[in-house]
Amino acid sequence: MPRKEWLVGAFILVLLAGLSLVWLAPPPGEPAPEVRFNVLDGEPIALDSMHGEPVLIQFWATDCTTCVSEMPDLIALHNALDARGLNLIGVAMDYDPAERVRRLVARKALPYTIALDDGGAIANAFNNVRVTPTTVLIGADGRVIWQRIGKLDFERLSEEIAREIAKGNTA
């Protein structure tokens, strides 16, 4: 295939991928779905029980190199903002065996909540998540602020979460 045709084809694929990400993202202000997290080692947690505090949900997999590389940043985010009201939940994808998830969680000493998405119900509730990492930020009011696919900008994310915490403290 000539180079020009290849470049046009690649451009079209990138454009379609970008449009699909916009299409998949819930509109700002949409209420978060009513889901229950099957916590790795503990009782199930209903998302609506965290109303009044921001919730950061990251869908991840043990074989996702970006997911694993972001874990130290997620630990730092959790350590910095947990006491101020951030709920951080890592949702292991349905196809990840529970024992493999447990081993990685232990090896990385993840201090935040980890849930198993048995049957894919949580991923389906959040616009049929299939790509990892996918991260969803839910405001203290229970509405989706944004959903991102791919690597996060942790400095910007920390600022957004701090704003949400401040909103919750003034409500």
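The values are calculated or read from the model by the stated rules, or taken from the named source; none is laboratory data. As the structure is a computational prediction, the values presented were derived from the model and not from experiment. So basically every Cβ, Gly included, is an ideal-geometry build from the backbone, and we count neighbours across all protein chains shown. To get the accessible areas, we keep the full protein, side chains included, count just its heavy atoms, and leave off ligands, DNA and RNA. Shrake-Rupley method; radii C 1.70, N 1.55, O 1.52, S 1.80 Å.
Ordering SER158, SER49 by how much accessible area each has at a 1.4 Å probe, largest first, what is the list? Could the numbers behind the result be given before it?
On the way: SER158 45, SER49 80 Å².
Reading off the accessible areas and sorting them downward yields SER49, SER158.
Loop only by DSSP, 13 or fewer other Cβ within 10 Å of the Cβ. Give me the chymotrypsin sites (Phe, Trp or Tyr not before Pro) in the range 71-171 that pass, ordered by residue number. Present the calculation step by step, with values, prior to reporting the outcome.
Numbers: sites: TYR95, TYR112, PHE126, TRP146, PHE154; in loops: TYR95, TYR112, PHE126.
Taking the range 71-171 and a limit of 13 other Cβ atoms within 10 Å, the loop chymotrypsin sites (Phe, Trp or Tyr not before Pro) found are TYR95.
Give, as a single signed number, the net charge of other residues whose beta carbon lies under 11 Å from the beta carbon of ARG84, with Lys and Arg counted +1 and Asp and Glu -1.
-3
Give the shape of the range 76-149 as rounded, prolate or oblate, defined through the alpha-carbon gyration tensor: a ≥ b ≥ c are the square roots of its eigenvalues, a/c under 1.5 means rounded, and otherwise the shape is prolate if a/b is larger than b/c and oblate if not.
Numbers: a/c = 2.19, a/b = 1.09, b/c = 2.02.
Here the range 76-149 falls in the oblate category.
For GLU53, GLU99, give the ranking by accessible area with the largest first, probe 1.4 Å. Kindly include the intermediate steps, with their values, before the conclusion.
Details: GLU53 75, GLU99 100 Å².
Correct descending sequence by accessible area is GLU99, GLU53.
Only Cα pairs under 8 Å and at least 6 apart count here; give the relative contact order of the range 48-171 as a rounded whole percent.
Details: 184 pairs, mean separation 44.9, N = 124.
Once divided by the residue count of the range 48-171, the mean separation gives 36 percent.
Which trypsin sites (Lys or Arg not before Pro) does the range 132-161 hold that lie in a coil by DSSP with at most 15 other beta carbons within 10 Å?
On the way: sites: ARG143, ARG148, LYS151, ARG156; in loops: LYS151.
Those satisfying the criteria are LYS151.
Let a ≥ b ≥ c be the square roots of the eigenvalues of the Cα gyration tensor of the range 18-171; is it rounded (a/c under 1.5), or, if not, prolate (a/b larger than b/c) or oblate?
On the way: a/c = 1.37, a/b = 1.21, b/c = 1.13.
Here the range 18-171 falls in the rounded category.
How far, in nm, would the chain grow between ALA80 and PHE154 when pulled straight, counting 0.36 nm per residue and subtracting the alpha carbon separation? Show your work: numbers first, answer last.
Values: separation 74, 0.36 × 74 = 26.64 nm, distance 1.20 nm.
Extra length from ALA80 to PHE154 when fully extended: 25.4 nm.
Mind running the shape call on the range 26-69? Use the C-alpha gyration tensor, a ≥ b ≥ c as the square roots of the eigenvalues: rounded below 1.5 for a/c, prolate if a/b tops b/c, oblate otherwise. The partial results should precede the final answer.
Working: a/c = 2.48, a/b = 1.29, b/c = 1.92.
It is oblate, given that a/c is not under 1.5 and a/b is not larger than b/c.
In whole Hz, with x marking every Gly and Pro, tabulate ³J(HN,Hα) for the range 130-144 from phi via Karplus 6.51 cos²θ - 1.76 cosθ + 1.60, θ = phi - 60°.
Going residue by residue, I get 10, 10, 10, x, 10, 10, 10, 10, 10, x, 4, 7, x, 9, 5 Hz, with x marking Gly and Pro.
I'd like the Karplus ³J(HN,Hα) series for the range 65-73: coefficients 6.51, -1.76, 1.60, θ = phi - 60°, whole numbers in Hz, and an x wherever there's a Gly or Pro.
5, 5, 4, 5, 5, 7, 4, x, 5
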